[in-house]
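Q: This structure is in structure tokens; I'll ask about it shortly.
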């Protein structure tokens, strides 16, 4: 097999589901990766010395966290609920009350998710000098839990809360304590979870929820996350651009790159002639720029690659 410039070769796995132990609830329908596809990915890994890794929600579905857009299992396919918009959150006290009530109930479970084999493999690759940096579109902290240190959280982190007025930050765990102290009447539980940690609550449960203000200035508190409708800070974008400029390969893991915040780095890599590949179940926005894409589960492919 050979590659032609700007022609995408998609390696479509065949056969039965892998025996690897993962959470399949939020993983889209897929089939295992064939050896010949794995060999092409191995060749890509071998040809790079400083790897820039861009991860999306698809790398965390195997840990039990749902994504937004996966066919049949993503939030958009299973619910009419949509994530809160930045403008709505800032303008409406009711929107903030609803968000924090649902997030309060969902936080114990969301914060307890553990990294899967993909996160652990990338952490090992970093320790061995193959991965120069990881840029994640996720807010779940799983890369750090796995041991990765060179991580840029493009959309922020759910593990920190920031004041929108004075920019003071507190940990989400400490904010959970404040929420619990102010809402001792709250006893709701939920078995469901959403990509950002939300759960479903009744109107009565939401209406009785008290949302604390910033202890320093009384300002509005929000998770240190780039909400839908908001922009990634330009300083963060520029830092990631600098990291990419020093790399010789870009690997996309578990992302359709539907939103521009991550896709912009694909365009930068294409302009710079940096070779790119992807492991993702289903097509991505970047396909026309890739040397190839392995249509498979990240947790099946990554551990089978050697450095």
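Q: Is it the case, given these coordinates, that residue 25 is assigned to a loop (DSSP other than H, G, I, E, B), surrounded by fewer than 15 Cβ atoms within 10 Å (Cβ to Cβ) and modelled with pLDDT of 50 or more?
A: On the way: assigned to a loop (DSSP other than H, G, I, E, B): yes; surrounded by fewer than 15 Cβ atoms within 10 Å (Cβ to Cβ): yes; modelled with pLDDT of 50 or more: yes.
Criteria met by residue 25.
Q: Working only within region 33-67, note down all residues that are over 24 Å from residue 247 (Cβ atoms), part of a helix (DSSP H, G or I) and touching a strand residue (DSSP E or B) at 6+ places or on another chain (Cβ under 8 Å). Quick ask: steps written out before the conclusion?
A: Applying the first criterion (over 24 Å from residue 247 (Cβ atoms)) to region 33-67 yields 33-36, 61-67.
If we keep only those that are part of a helix (DSSP H, G or I) too, we end up with 35-36, 61-63.
Matches in region 33-67: 36 only.
Q: Which one of these is without any contact (Cβ under 8 Å) to a residue 24 or more places away in the chain, farther than 30 Å from residue 46 by Cα, out of contact with any helix residue (DSSP H, G or I) (no Cβ under 7 Å at 6 or more places or on another chain) and in a loop (DSSP other than H, G, I, E, B): 213, 235? Give the derivation first.
A: On the way: 235 fails: in a loop (DSSP other than H, G, I, E, B).
After ruling out the rest, the residue left standing is 213.
Q: Looking only at region 258-307, count every residue that is in contact with a strand residue (DSSP E or B) (Cβ under 7 Å, 6 or more places away or on another chain), in a loop (DSSP other than H, G, I, E, B) and farther than 18 Å from residue 32 by Cα and tell me the total.
A: Residues flagged as in contact with a strand residue (DSSP E or B) (Cβ under 7 Å, 6 or more places away or on another chain), in a loop (DSSP other than H, G, I, E, B) and farther than 18 Å from residue 32 by Cα within region 258-307 amount to 5.
Q: Can you go through 262, 254 and tell me which one is outside the structural domain of residue 181 (by TED's automatic domain parsing), under 26 Å from residue 89 (Cα atoms) and crowded, with 19+ Cβ neighbours inside 10 Å? Give the derivation first.
A: Working: 254 fails: under 26 Å from residue 89 (Cα atoms).
One residue alone meets the criteria, 262.
Q: Could I ask something else about it? Let me spell it out: the conditions are (1) outside any loop (DSSP other than H, G, I, E, B); (2) in contact with a helix residue (DSSP H, G or I) (Cβ under 8 Å, 6 or more places away or on another chain), and residue 255 meets all of them except one. Which number is the exception?
A: Status for residue 255: all satisfied but (1).
Q: Taking the stated definitions as given, is residue 178 surrounded by fewer than 19 Cβ atoms within 10 Å (Cβ to Cβ) and either free of Cβ contacts under 8 Å to residues at least 24 places away in the same chain or within 18 Å of the chain's Cα centre (by Cα) (or both)?
A: Values: surrounded by fewer than 19 Cβ atoms within 10 Å (Cβ to Cβ): yes; either free of Cβ contacts under 8 Å to residues at least 24 places away in the same chain or within 18 Å of the chain's Cα centre (by Cα) (or both): no.
Judged against the criteria, residue 178 is not a match.
Q: Looking only at helices (runs of 4 or more DSSP H) that fall completely inside region 82-177, which ones have 3 or more residues that are modelled with pLDDT of 95 or more and not assigned by TED's automatic domain parsing to the domain that holds residue 44? Can you show your working first?
A: Values: elements: 86-91, 93-110, 117-127, 142-146.
Output list reads 86-91, 93-110.
The values are calculated or read from the model by the stated rules, or taken from the named source; none is laboratory data. Small disclaimer: the values here were computed from a predicted structure and weren't measured. When we count neighbours, we look across all protein chains shown, and the Cβ atoms used for this are built from the backbone with ideal geometry, even at glycine.
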